1. With the cut-off at 1.5 for a/c, could you classify segment 204-252 from its C-alpha gyration tensor as rounded, prolate or oblate?
2. At 1.4 Å probe size, what's the solvent-accessible area of HIS68? Round to the nearest 10 Å².
3. For a paramagnetic label modelled at 7 Å from the Cα of THR160 toward its Cβ, which residues of segment 51-76 fall within the zone defined by backbone nitrogen distances under 20 Å?
4. Taking all protein chains as present, what is the carbon and sulfur share of the accessible area of the chain, in % to the nearest whole number, probe 1.4 Å?
5. Quick check: Cα centre of segment 14-30 to Cα centre of segment 84-160, how many Å?
6. Please sort by residue number the GluC sites (Glu not before Pro) in segment 51-117 whose DSSP state is loop and whose Cβ has at most 11 other Cβ atoms within 10 Å.
7. So what are segment 151-232's ellipsoid semi-axes, whole angstrom, largest first, if each one is the square root of 5 times an eigenvalue of the alpha-carbon gyration tensor?
8. Give me the accessible area of SER214, 1.4 Å probe, in Å² rounded to the nearest 10.
Amino acid sequence: MTEKTYKNLKRRLEIEKTMPYRFSIEGTTYELIKYEKMGKTTGYVIVNESGEAVSREVAQIVLKQAFHLHQLTQYSIHRNKSLGSHDSEIAVRIQSELATIRPEEFSYSIQEDAVSTLAALQIFVEKQLCLDVHLKDFFLILDKVTDQKGVSESDWNYLTDTAITIGQAAYEQIQTLIDSQESIAEVRGWISRKMKQFTKTEAKYMSRFSMLLSELNAKFVFTKVIATADYLTKDITVDETLPIKERLVDFNKQYRKKLENEPTLTKETLALLRN
């Protein structure tokens, strides 16, 4: 095989993808074409409405916008793909069961863990209700952006504000789940050990509570929610030993700053720009 044939073959192995969102600069619309090989990005080309490659200067502006939009949408898209509606379904299930649980029915030895568990479940529900509303709105705006073939100034503002709200709600939900893992395990074990000692009334709702905690564990919903944290905390450093309130304040401040600022193109990224 000649070197020329080999190079042509390598280029043919590239996959060309036109990104679904278009970007506008002073009334002119541009498209981003991404090249991939074996799942790895190998290049970018920015073209105008006629399909012609634009100047490198304009291309860099468009590429920054594309990276900014990716930054705004990354967590929401990942969460939607990894959890679907399972987090929402579990929240509804938890909410219906919480009304039957009375912390005062737990003995002193486990009451602190029981109260902590119930509080964590309540926060999970509250944050999930918030996420459900804002994620729905977020994806509606993305559909609008796709249909109108461009991101308007009002779209940028709305997407930024909504992405910040989603990220901050998700982070509190995740941190609460992380902090309550031991308490949840303790309560599950305690109910299992004490089941024979409960009155019929106690046993009825304690059994339902235990089944709920077992269901959460078996379906790995909490585990999957916690696993999405990497998409939130990228380029953000929070001292995980701090009390949760301080963690939330620190994260919220850093996350807002990250999403409000347009990303800087690195040398590695610029090397991939073929304009």
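The values are calculated or read from the model by the stated rules, or taken from the named source; none is laboratory data. Predicted model, so just to flag it, every value in this text is computed and none were measured. Backbone-built Cβ (ideal geometry, glycine too); neighbour counts: all protein chains shown. Heads up: the accessible areas ignore ligands, DNA and RNA and are worked out on the full protein's heavy atoms, side chains in. Shrake-Rupley method; radii C 1.70, N 1.55, O 1.52, S 1.80 Å.
1. Numbers: a/c = 4.72, a/b = 2.10, b/c = 2.25.
Since a/c reaches 1.5 but b/c is at least a/b, the shape of segment 204-252 is classed as oblate.
2. Estimated to the nearest 10 Å², HIS68 gives 20 Å².
3. Residues 60-76 fall inside that zone.
4. On the way: 8170 of 15740 Å².
Within the chain, the accessible surface is 52 percent carbon and sulfur.
5. 33 Å
6. Values: sites: GLU52, GLU57, GLU89, GLU97, GLU104, GLU105, GLU112; in loops: GLU52.
Loop-located and lightly packed - GLU52.
7. Numbers: eigenvalues 309, 32, 18 Å².
Output for segment 151-232: semi-axes of 39, 13, 9 Å.
8. Ignoring ligands and nucleic acids, SER214 comes out at about 40 Å².
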